[in-house]
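Undergrad: Below you'll find the structure I mean.
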Amino acid sequence: MLGSDRGLTAVEARERRQQYGANAIVETPPSPWWDLVRDTATDPMLWFLAATSVLYAVVGETGEAVILAVALVPLVGMDFFLHRRSQASAEGLRTRLAQRALVVRDGRRVEVNALDVVPGDLAIVGSSEPFPADGLVVAGAELQADESTLTGEAYPVSKHALEHPAARDDELLVETRHWGFAGTRLLTGEALVRIVFTGAETLYGEIVRSAVRGQRAPTPLQTAIKHLVGMLLTIAAVICVILAAVRLRQGYGWLDALVSAVTLAVAALPEEFPVIFTFFLGVGVFRLARRQALVRRAVSVENIGRVTTICSDKTGTITEGRLRLTHLRPASGLDDAALLRVAALASRADSGDPLDGAVFLRAGALAMRLDGVERLATFPFTERRKRETAIVRDEHGAVFALTKGAAETILAMCEASDAERSRAADEVAVLAGEGHKVLACAWQPTTLPGGAGGEPAAGFRLAGLLAFEDPVREGVPEAVRACRSAGIHAIMVTGDHPATAGAVAREIGLGGPAPRVVTGDEMEQLAARGEAERLTEVDVIARATPSQKLTLVRGLQAAGQIVAVTGDGVNDVPALQAADVGIAMGERGTRSAREVAAIVLLDDNFRTIVGAIGEGRQLFTNLRTSFQYLLMIHAPFVVSALAIPLLGYPLLYLPVHIVWIELIIHPSALLVFQELPAGPLRRVVAPQRVVLFRGRDWALMALVGGIITATVILAYVRSVGAPEGTEHARAAALATLALASGGLTAALSRLGTRAAWLVSAATVASAILLVQTPPLARALHLAPLHPEDWMLAAAGALPALLSLGLVLGRGSRAGKKAGDDAGGSA
């Protein structure tokens, strides 16, 4: 049935439809918008913020309730956007598929829905039409297909009818040139295709399943923040209950106790943390965009900062991707022109392959004429064969087979003496060792016009070697050095000869003077033997195919690495999806690769990847600094609010005071620290797990927060006996807290940005204005302070700021030394 022109009957088609199911290559959800709403609503942080907003509204804090409700909008929007992008990825893949198909049923050509195509159908695919499923081409002439969605390559691929399939061990062996794949389209001719695989069994269907499978777990940073917020929420609840109990014990009624507890809850509830996290992610997206890295999932700004291994393509990412034919090494008895003629005849001017383009550019420069030569057959390059062969008839009527491809492959097909093979192999080693991409060319006369006997695989005569150069992109060596100093392991993945790949690695400083190079097959063997840990010692994967990237990514992850991988074709989609950070190429990447990737490089430059990692690490540093500020100012705020009533005094903070302090805290945490610039790329300790604060950090925050808390309480107690009484004491405590906040902002930011200067100055100015202006002070239930009160307020906050400055300065010097040591020892 394979080679016949008989299609299925209607009865056979119905039976096979029941047996194999619909040709649903990309499944369509029944209610995509409802799925989006459901997935977005599963985020518990959104419910927490909504409940907090309701609480504020219940106690009359309408302003705070509105602020929280507004803060929910970007959070919901971001979750909604991320889930929508996941759907858009599948929709983007679906646009490549056939909607209708022309098949032979009951001896007639009929048009059916593509979902009704079944295995065994005989489909008729015309020019510019997509293949409805995976099938074997059984008839057709001058066929070319666009397979860029699967391979990432833009040039057309020749397709040939299958006449006599080879079998081995009862398994049908068919080369890709005989296959038509779903998701690709026929460019020229009309093909009869016997359908073999449909739906999820197609190659495209397998890629789609990989792209949309499963839900993404919360990132480690999100988990760490949720744990922190949960701990703070528990502490806040305990403090509020204690305050209510104290007020009841002191003789105040239930209503007073409830209002006091809820008022304190307004200050104690840690609603800022998730809001700041979301805000900082948005800032990170913007900062990465300025570095030519388009972030498609905001949380990837966090993930990329944790990367420990980068698996990068060589061509177009580390190098410019602009090949030039720079060296011709003709075989004995031939000259440069003869070698170049063989190379040009074995190439296709319209293929889009940069190697072919470089050959014809050099031929054009020599004014070489190829008129009168008729191409009878083409056997295009495949990853398995590693060569391309053409059968041509020259202007004199003679027929020749000409081939070019990987040097070791072509040499094995040639009839040559041992001395000739040795000389050629030595020349290949020299050229490859200089960083050139080396191809060999060969030819032979043939009596089989049109390739009737298949592609010749032996009996060739060596024509010579071609050496191509692909310059390294600007800034790549510096980026590699930055990776090494930061403890990031870079692996170059290429299809080049190991010697060529090693030379490029040495040129960019990858792996030092002796980079460790293995082939793609050797890498797969390491992974199969369970020796994934050894992959962390490899610098270059040579002779690699795109399908081997997934094995590399999974092996590195099994070894505990956080992996970023680059890709540009649909066959890179599984690796992009499996990686912790998938990075697609914006200039040459396919849409499907860009859809599933977390980040798209707008300039396809390795340097941009390293810069993006630096921004991700700076985001984490800035976020930690903002959280440190919140904890060190919130702790004195909440503890002093509890301590003063415990000491028998009236409530320290009224609702209007809490609003004032919150108006200081929020812009400080949101605006100041997100602008801190990224410094040199530093080494990250234990990136597999995120720890917001270590023991030393908690000790520092406890020290500074304790000093500020004691200063605020002492300021209140010292001033409560003044003629103005409670109003004067509250003013002293609030002034001390405001000055401490301004000082913390200045110390933590080191006044490194304009926002730091403005917010710090505005914080101090607001305290002076609100306390020292009598009408404003009376409205806030405060009394103006005396000069000595301000001096004591400033002096009280000074010890905390000095201790913070000393620790920060010592940590900065230690961090710089650690970075220098890492760079020197790598």
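The values are calculated or read from the model by the stated rules, or taken from the named source; none is laboratory data. Predicted model only: the values in this text are computed from it and were never measured. Note: ideal-geometry Cβ built from the backbone for every residue, glycine included; neighbour counts use all protein chains shown. SASA here: full protein model, heavy atoms, side chains in, ligands and nucleic acids out. Shrake-Rupley method; radii C 1.70, N 1.55, O 1.52, S 1.80 Å.
Undergrad: When the Cα centres of the stretch 602-665 and the stretch 356-396 are compared, how far apart do they sit, in Å?
TA: 66
Undergrad: Given Cβ point charges of +1 (Lys, Arg) and -1 (Asp, Glu) and nothing else, what value in debye, to the nearest 20, does the dipole of the stretch 368-458 about its Cα centre take?
TA: Details: 11 positive and 14 negative charges, 56 e Å.
Approximately 260 debye in magnitude.
Undergrad: What pairs in 386/437; 404/549; 314/404 have C-alpha atoms more than 18 Å from each other? Don't jump to the answer; show the numbers that get you there.
TA: Numbers: 386/437 14 Å; 404/549 26 Å; 314/404 22 Å.
Going by Cα-Cα distance, 404/549; 314/404 fall outside the 18 Å limit.
Undergrad: Another question, if that's okay. Would you please state the base-10 log of I(q)/I(0) at q = 0.12, 0.14, 0.15, 0.27 1/Å for the stretch 316-399, with intensities from the Debye formula using one equal scatterer on every alpha carbon?
TA: -0.40, -0.54, -0.62, -1.47
Undergrad: Separate question: Rounded to the nearest 10 Å², what accessible area does residue 131 have for a 1.4 Å probe in the complete protein model?
TA: We get 0 Å² for residue 131.
Undergrad: What does the highest-first list of 395-404, 767-776, 182-191, 497-506 look like by mean Cβ count within 10 Å?
TA: 497-506, 182-191, 395-404, 767-776
Undergrad: I've got another one for you. Size of the dipole of the stretch 586-665 about the Cα centre, Lys and Arg at +1 and Asp and Glu at -1 on the beta carbon, nothing else charged, in debye to 20?
TA: Using Cβ point charges on Lys, Arg, Asp and Glu, the stretch 586-665 gives about 140 debye.
Undergrad: May I pose another question? How do the peptides 479-487, 753-761, 727-735 rank, highest first, by the average count of neighbouring beta carbon atoms within 10 Å per residue?
TA: Working: 479-487: 21.3, 753-761: 17.3, 727-735: 26.1.
Packing order, densest peptide first, comes out as 727-735, 479-487, 753-761.
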